[in-house]
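Heads up: the structure comes next, in structure tokens.
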Amino acid sequence: EEHLAVAAAVVAPALLIGGFPRIGPLRALVLGFSSRFSLRVSPAVSQRVEVAKLRSELAHRYKGLYSVVTGPRGIGKTCIVDAATKGKFGVVAVRVPAATPMDVILEDVCKAITRNSLDSLNSTHRVLWWHRFFFRTPATVVLRTVASVPSVRTQAFPNIDSVARILTDDFGVRVIVDATEFSLAPNASKTKREKVLEVEPMSRATLEAIPELAELLTALKAADLADVVWECIGGVPVDYFQLLEKWNEAAAGDESPENSLEAVVEPFLASLLNQAINDRGASVIAAPRMEELFPLFLNQSEVSPELLVELRVAMPLVSRVLRESSEPYGLIPATAAMSVVLRFALKEPPRVQELKKMLCGSKVPSTEASV
């Protein structure tokens with residue numbers, strides 16, 4: 001801090017009289033302080049362990065290595081990244097749509113760092129040098145990848161690993177890849193240059209500790225709907241917040257909100273199950289032999305990856321049906337709703353009361369229930 005104060009005292013007058021090129025020091029100060037004192041309010045994060053792990057990785061950065069935060073949709077990956085980088089100097093976030101060329105990604109990063117659309121590539125090194133001089137720490141670039149289209153077998157993924165390598169090696173910045181589901185090539189997080197933080201769906205206890213959901217969860221328990229909702233949504237807080245929003249909208253016009261809860265829950269769960277049914281059908285079109293795996297989930301919650309080799313089943317590059325899991329080890333349903341669809345071989349969503357009876361009589365534990 002003393003070094004920063006002295007540097008600012010020396011540089012500020014020099015800037016006024018033109019003693020230094022303005023592009024470097026001035027924009028470096030803007031880069032550092034804009035994230036350090038950001039007024040943006042970040043939501044509370046329940047995954048404190050994951051936040052601590054990412055902060056530790058950023059504090060012990062090694063040249064050529066970068067961090068990848070990955071996991072299913074809607075479980076708080078971006079919140080974890082934001083919490084881990086909150087209050088840090090020189091943090092910029094860049095959105096990376098699917099199929100974006102590498103040079104375009106690098107150009108967008110340079111523009112975000114220099115806050116300049118002209119000659120940004122040549123200016124970036126100067127801004128980053130001044131940033132390290134002022135703040136004694138490298139800048140951090142967050143690459144937020146956007147999902148690829150799952151219906152196309154040959155996907156056009158951004159070359160994130162090459163971009164991250166250039167940024168860490170040539171520009172000397174920290175890199176975090178905030179990888180949304182289906183946004184990276186299958187081997188992009190297996191190059192041995194990245195430290196992967198796999199974020200799993202929340203446990204039920206963690207989700208139920210979110211204060212914003214307390215009223216909804218209490219009402220679900222009172223209506224005997226908490227278990228069926230958990231089985232179909234699992235540890236995905238985004239879906240619970242969407243359900244809460246729909247419940248609030250329905251309750252606004254109903255004098256007895258508890259009477260409207262089941263009327264809101266039933267179509268909400270039906271939409272999740274219907275999407276899972278459609279995704280299962282689309283996966284068979286993309287890889288017909290996938291259908292041979294589905295009956296296995298009638299009696300078990302995961303299958304061994306080696307079984308795919310034995311059955312000669314080629315998984316699509318992007319699958320909304322199954323995903324890899326380290327605990328339990330194997331291929332598991334991609335979502336809680338998909339787990340229900342495969343467990344009961346559903347062809348259409350059942351009514352919520354019928355679904356409750358089905359789940360009560362099931363001997364196969366859901367993947368989400370075991371988290």
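Rounded to the nearest 0.05, the FRET efficiency derived from the C-beta distance between ARG95 and LEU296 at R0 = 35 Å is 0.35. The modelled label-to-label distance between SER56 and ASP169, using points 7 Å beyond Cα along the C-beta direction, is 2.8 nm.
When each of the peptides 166-178, 200-212 is scored by how many other beta carbons lie within 10 Å of its residues on average, the order from highest to lowest is 166-178, 200-212.
For the set LYS111/LYS195; LYS195/LYS221; LYS86/LYS246; LYS86/LYS221; LYS246/LYS356, the pairs lying more than 28 angstrom apart at their alpha carbons are LYS195/LYS221; LYS86/LYS246; LYS86/LYS221. Here the label points at SER38 and ASN248, each 7 Å from Cα along the C-beta direction, are separated by 2.3 nm in the simple model.
Quantify, in whole percent, the carbon and sulfur part of the accessible surface of region 183-304 (1.4 Å probe; protein heavy atoms only). Its accessible area is 51 percent carbon and sulfur atoms. In the context of the full set of protein chains, residues of region 86-130 present 52 Å² of accessible surface per residue (probe radius 1.4 Å, heavy atoms only).
The values are calculated or read from the model by the stated rules, or taken from the named source; none is laboratory data. Just so it is clear, the model here is predicted, and its values are computed rather than measured. Every residue, glycine as well, gets a Cβ built from its backbone with ideal geometry; the counts of neighbours run over all protein chains shown. What goes into the accessible areas is simple: the full protein's heavy atoms, side chains included, and nothing from ligands, DNA or RNA. Shrake-Rupley method; radii C 1.70, N 1.55, O 1.52, S 1.80 Å.
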